[in-house]
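Working notes, structure below.
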Amino acid sequence: MGIRRSDGGWGIDFGKDFLSAVVDTRSALLALSTAGTADTTTASNALGYLLESQNTDGGWGAARGQPSELFYTALVSSALQQFPQTVSLATAMSKAKSYLTSQQQADGSFGDLFETALAYTALVPIVTDATVLGNAINHLTSAQFQNGS
């Protein structure tokens, strides 16, 4: 069971000793927003938690203070794109874009196929560099087997 924390985030509540987590907060915020039940205060607090959890390198880790990982950064970046762009959100998105693009490898991937697809999805709306996106697509399509998988 998840619970909203006083820091604006959400975390698993197995013994009331779990802290807010980036992925839990992102998921709860998107679910409430999609359902149309995210009031302004709840959404602002959750967005505040996510913004405060962004690392100086532009990425996000599993929780505030954790090292940045492509997986969490792509998930949070995609989620933040769903909200009206304030100066704070635009700044966070710019930093996230820089972090994500810096993670692209020479073969066009962003790690494994799942992470490459996740990074591509997060970057499409915010990257204008066709090379970054094209290299990711080339990597994904070259990994596809003849049976389509």
For Asn147: the one exception among (1) assigned to a helix (DSSP H, G or I); (2) at pLDDT below 95; (3) farther than 23 Å from Ala28 by Cα: (1)
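With closer than 25 Å to Gly48 by Cβ and assigned to a helix (DSSP H, G or I) as the only criterion, which of Ala122, Ala136 stands out? Lay out the reasoning, then the answer.
Working: Ala136 fails: closer than 25 Å to Gly48 by Cβ.
Only one candidate passes the filter, namely Ala122.
If we scan region 120-130, do we find a residue that is in contact with a Gly (Cβ under 6 Å, 6 or more places away or on another chain), modelled with pLDDT of 95 or more and either closer than 29 Å to Gly36 by Cα or surrounded by 13 or more Cβ atoms within 10 Å (Cβ to Cβ) (or both)?
Just the residues of region 120-130 that are in contact with a Gly (Cβ under 6 Å, 6 or more places away or on another chain), to begin with: none.
Within region 120-130, none of the residues are in contact with a Gly (Cβ under 6 Å, 6 or more places away or on another chain), modelled with pLDDT of 95 or more and either closer than 29 Å to Gly36 by Cα or surrounded by 13 or more Cβ atoms within 10 Å (Cβ to Cβ) (or both).
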Out of (1) modelled with pLDDT of 95 or more; (2) on the phi > 0 side of the Ramachandran plot, what's the single condition that is false for Gly65? (1)
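Here is a list: Ala92, Ala74. Which entry is modelled with pLDDT of 95 or more and more than 21 Å from Asn135 (Cβ to Cβ)?
Values: Ala74 fails: more than 21 Å from Asn135 (Cβ to Cβ).
It is Ala92.
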Give region 8-55 a look and list any residue that's at pLDDT below 75 and surrounded by 21 or more Cβ atoms within 10 Å (Cβ to Cβ), or say none. Gly8, Trp10
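Name the one entry in Gln81, Gln85 that is modelled with pLDDT under 95, loosely packed, with under 15 Cβ neighbours inside 10 Å, closer than 25 Å to Ala21 by Cβ and not small (Gly, Ala, Ser).
Numbers: Gln81 fails: loosely packed, with under 15 Cβ neighbours inside 10 Å.
So the residue among Gln81, Gln85 that is modelled with pLDDT under 95, loosely packed, with under 15 Cβ neighbours inside 10 Å, closer than 25 Å to Ala21 by Cβ and not small (Gly, Ala, Ser) is Gln85.
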Going through region 101-119 in order, the residues found to be under 18 Å from the mean Cα position of the chain (by Cα), of a type in the set (A, V, I, L, M) and surrounded by fewer than 14 Cβ atoms within 10 Å (Cβ to Cβ) are Leu113
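The values are calculated or read from the model by the stated rules, or taken from the named source; none is laboratory data. Everything numeric here is computed off the predicted structure, so don't read it as measured data. All Cβ positions, glycine included, derive from the backbone under ideal geometry; neighbour counts span all protein chains shown.
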